[in-house]
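S.K.: Pasting in a structure now, in structure tokens, and then I'll have a few things to ask.
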Amino acid sequence: MATYIAVHFSDYKLNTGDIVIVRSPDAKTAFTYGAEGVYGQSSFVADLVPGESAIIEYFPVSTSAASRQAFRINAYSRGVSLSANQEAVCGTDDMMQMKCFAPSQFLTPLRPLAYERGLAVARLLVEGSHACTGWLVGSAGHLMTNAHCVEDEAMANRMHVEFAAESGSCAQKCEDWLACKGQTVTLTTKLVARNRDHDYAVLKLPDDVDLWPYGFLTLRKEGAAVNEEIYVPNHSRAWGKRIAFMEDGKMIKVDSFGPSGQCAQNGLHFTGDIQGGASGSPAIGASDNKVVGIVSCGGWCPGKDIAEDIRLIIADLERKGVVIPDAY
């Protein structure tokens, strides 16, 4: 059973005054697109309509406009609910809902700024079909994730960015694909920089998107240290936002640095419960709440997870001449 339908538009060229409505059969969910579409792009993925079907309605401004091709629907994506027993963690899943770190919650003393910093972490839906995690870096609307989440500019253009996808309370569970809907702030981004070897991509959100409620993260130029405690806000399995901070009763620490057969030329190795969908999550130092790595792969047993060393990413950005205001 589909949990949502995402309609893919191409050759989108409406006249001024024309509108397209993508809605649920009962019209409780409806999205309207005018001549501009999504920031003037000829190809985009519409916002998600919950359920197994969607209705597309076209209203041309004149009868003559109706005789020409205004757009094509070249594909659609269907979301499928994943049952909890498909989880692939080593032992007990120790991740906690992000709400458990909110002010006055029982985990707040362990990571006092984890909730505030976690607000900058977004759930990404790429081309309406696969999920990653990204996060705001610096004050100018830049978002960082993995290169393997964004292969090219076209893929960046079809990126849904959703903030505040988290539980309403510490006790509430958001254990389903795209559960605990947040605020989708944009359906498109622009690719600023990408390096497959270091598995990072920097995207730019549209200038008119209000990002003030979410703050932003900063990078630690010195990188991480072995045995340093870290935490990882993430959207594993595209569930509601959780934070990995403990594994088998011990705080998550940087175990080592080095190459990995699975990924990373010089990876930051740690043991957590990272799963698919968490790709691109920030590994944050507990001492200063700065980003020391970007989660690149993991989710196999024994539970070794890998994050790209932020120092290599910073060096590559500097080589490329990419400037992110207030990134440090």
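S.K.: Assuming Cys100 fulfils every condition listed in (1) in a helix (DSSP H, G or I); (2) closer than 19 Å to Trp212 by Cβ apart from one, which condition is it?
M.R.: For Cys100, the exception is condition (2).
S.K.: State the number of residues belonging to region 199-231 that are among the β-branched types (Val, Ile, Thr) and within 13 Å of the chain's Cα centre (by Cα). If you could, list the steps in order and put the result at the bottom.
M.R.: Taking region 199-231 as the starting set, the residues that turn out to be among the β-branched types (Val, Ile, Thr) are 202, 209, 218, 226, 230.
The next check asks that each one be within 13 Å of the chain's Cα centre (by Cα); those that pass are 202.
Number satisfying all stated conditions: 1.
S.K.: Still on this structure, please answer the following. In region 118-132, is there at least one residue being among the polar types (S, T, N, Q) and at pLDDT 95 or above?
M.R.: no
S.K.: Find all pairs meeting these conditions: Cβ atoms under 9 angstrom apart; at least six residues apart or on different chains; first residue within region 128-157 and at positive phi; second residue assigned to a strand (DSSP E or B) and of a type in the set (Gly, Ala, Ser).
M.R.: Gly128/Ala6; Gly128/Ala75; Gly128/Ser77; Gly128/Gly79
S.K.: Collect the residues in region 210-264 that are over 21 Å from Cys180 (Cα atoms), of a type in the set (Asp, Glu) and at pLDDT 95 or above, keeping them in residue-number order.
M.R.: Glu222, Glu228, Glu229 - these are the residues of region 210-264 that are over 21 Å from Cys180 (Cα atoms), of a type in the set (Asp, Glu) and at pLDDT 95 or above.
S.K.: A further question follows. For region 7-27, name all the residues that are at pLDDT 95 or above and either basic (Lys, Arg) or under 16 Å from Arg78 (Cβ atoms) (or both).
M.R.: Val7, His8, Val22, Arg23, Ser24, Pro25
S.K.: If I ask for residues that are of a type in the set (Phe, Trp, Tyr) and outside any strand (DSSP E or B), which ones from region 1-19 would you list? Explain how you work it out, then say what you get.
M.R.: Within region 1-19, the subset of a type in the set (Phe, Trp, Tyr) is 4, 9, 12.
Hit for region 1-19 is Tyr12, nothing else.
S.K.: On to the next question. Do any residues in region 4-21 that are surrounded by fewer than 19 Cβ atoms within 10 Å (Cβ to Cβ) have Cβ atoms under 8 Å from those of residues that are small (Gly, Ala, Ser) and assigned to a strand (DSSP E or B), where the two are at least six apart or on different chains, and which pairs are they?
M.R.: Close Cβ pairs (under 8 Å, with a partner that is small (Gly, Ala, Ser) and assigned to a strand (DSSP E or B)) amount to His8/Ala75; His8/Ser77; Ile21/Ala30.
S.K.: Hey, another quick one. Could you grab me the full set of residues in region 312-326 that are outside any helix (DSSP H, G or I) and acidic (Asp, Glu)? Before you say what the answer is, go through the steps one by one.
M.R.: Keep residues of region 312-326 that are outside any helix (DSSP H, G or I), which gives 321-326.
Of everything in region 312-326, just one residue is outside any helix (DSSP H, G or I) and acidic (Asp, Glu), namely Asp326.
S.K.: Taking region 197-215 as the region of interest, how many residues are of a type in the set (Val, Ile, Thr) and more than 13 Å from Val150 (Cα to Cα)? Lay out the reasoning, then the answer.
M.R.: Just the residues of region 197-215 that are of a type in the set (Val, Ile, Thr), to begin with: 202, 209.
Okay, now just the ones that are also more than 13 Å from Val150 (Cα to Cα), so 209.
So the answer is 1.
S.K.: Give the residue, chosen from Glu175, Glu151, that is in contact with a helix residue (DSSP H, G or I) (Cβ under 8 Å, 6 or more places away or on another chain) and not in a strand (DSSP E or B).
M.R.: Numbers: Glu151 fails: in contact with a helix residue (DSSP H, G or I) (Cβ under 8 Å, 6 or more places away or on another chain).
Matching residue, one of Glu175, Glu151: Glu175.
The values are calculated or read from the model by the stated rules, or taken from the named source; none is laboratory data. Remember, predicted model here, so these are calculated numbers, not experimental data. FYI the Cβ positions are ideal-geometry reconstructions off the backbone, even for glycines, and counts take in every protein chain you see.
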